[in-house]
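Visitor: This is the structure, below, for whatever I ask next.
Derivation of every value follows stated rules applied to the coordinates shown; laboratory data play no part. None of the values given here were measured: they were computed from a predicted structure. Every residue, glycine as well, gets a Cβ built from its backbone with ideal geometry; the counts of neighbours run over all protein chains shown.
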Amino acid sequence: FKNDGVYMEKFVEEPRHIEIQVAGDQYGTACHLSERDCSIQRRHQKLVEESPSPFMTPELRDKMGAAAIKACNAISYEGVGTIEFLVDKHRNFYFMEMNTRIQVEHCVTEEVINFDLIKEQIKIAAGEKVSGKNYLPQMHAIECRINAEDPYNDFRPSPGKITVLHQPGGHGVRVDSHVYAGYVIPPYYDSMIAKLIAVAQTRREAIDTMSRALSEYVIEGVKTTIPFHQQLMRDENFISGNFTTKFLETFKLK
């Protein structure tokens, strides 16, 4: 190309994918609503999200939150959105992208700060002001994306008819879904059919609640990622919070 220039990118060591939920109004006020850790992913597609991040410190949260608010102010952002970062093993963080919308994993934030993000989005669009207050996690929440995929066959999509469906419930369990017994999952769209969220006072309790909920979740007629999530909740590295975006490269499904 007659160009001897060299393009270099920084190598991010042991990266984690951590994002900051933000909200801004038309009056120039923006705030953050803490973080979500989305490091458990396959081919850069999130499988599990949680808040707070087990890797987070108060100092890092303050810095990332301030950076997210600065970005919102720079573009006079209106609405709710998410600013995503890569965080290296030394807790240096690097901007990756901004999603100017509600995200799949917004439920995690709602559960840990007791805040309705959908309502907030509508209020901002109607011209109301945001509080300007930054929110910190008061609980711990984990979300598992339930996909119609076969985890024992390289996560191959599994469209078809759901013949039996029993969803879990009880204290600390939330299910967001549109499916029902008899529902036919088409092959044309994203394979996610439900979001299972567990919330508790501590991360260990949230993992235990999620494990119990997964054991109660029954979907027949198609393959799902429930077995993958069940094994993940028992994995020592996940339980200890010792994982990066490369986690699935070494995780072995049994």
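Visitor: Checking the table LYS123/LYS246; LYS89/LYS129; LYS10/LYS63; LYS119/LYS246; LYS89/LYS252 against a 30 Å threshold on Cα-Cα, which pairs fail?
Guide: From the list (LYS123/LYS246; LYS89/LYS129; LYS10/LYS63; LYS119/LYS246; LYS89/LYS252), the Cα-Cα distance tops 30 Å for LYS123/LYS246; LYS89/LYS129; LYS119/LYS246.
Visitor: Which order do the peptides 182-195, 32-45 take when ranked by the mean count of other beta-carbon atoms within 10 Å per residue, highest first?
Guide: On the way: 182-195: 14.6, 32-45: 21.1.
My ranking of the peptides, most packed first, is 32-45, 182-195.
Visitor: Dipole of the chain (Lys/Arg Cβ +1, Asp/Glu Cβ -1, origin at the Cα centre): which of THR244, PHE155, GLN21 lies farthest to the positive side?
Guide: Going by the charge dipole, the pick is PHE155.
Visitor: Given the peptides 77-84, 228-235, 57-64, 215-222, arrange them by the average over their residues of other C-beta atoms within 10 Å, most packed first. Could you put the intermediate results ahead of the total?
Guide: Numbers: 77-84: 21.6, 228-235: 19.4, 57-64: 14.2, 215-222: 16.1.
In decreasing order of mean packing, 77-84, 228-235, 57-64, 215-222 become 77-84, 228-235, 215-222, 57-64.
Visitor: Follow-up question, since we're still on this one. Sorted by average packing, counted as other Cβ atoms within 10 angstrom per residue and highest first, what order do 99-105, 143-149, 205-211 take?
Guide: 143-149, 205-211, 99-105
Visitor: Just how large is the dipole of segment 14-138 about the Cα centre, in debye to the nearest 20, putting +1 at every Lys and Arg Cβ and -1 at every Asp and Glu Cβ?
Guide: With only Lys, Arg, Asp and Glu charged at Cβ, the dipole is about 180 debye.
Visitor: Something else about it: Report, in debye and to the nearest 20, how large the dipole of the chain comes out about its Cα centre when Lys and Arg carry +1 and Asp and Glu carry -1 on their Cβ.
Guide: I would put it at about 200 debye.
Visitor: I've got another one for you. Would you calculate, for the chain, the mean residue ellipticity at 222 nm contributed by helices, counting each DSSP H stretch of 4 or more residues as -39,500 (n - 2.57) and dividing by all residues, to the nearest 500?
Guide: Only helices count here, giving -7000 deg cm²/dmol.
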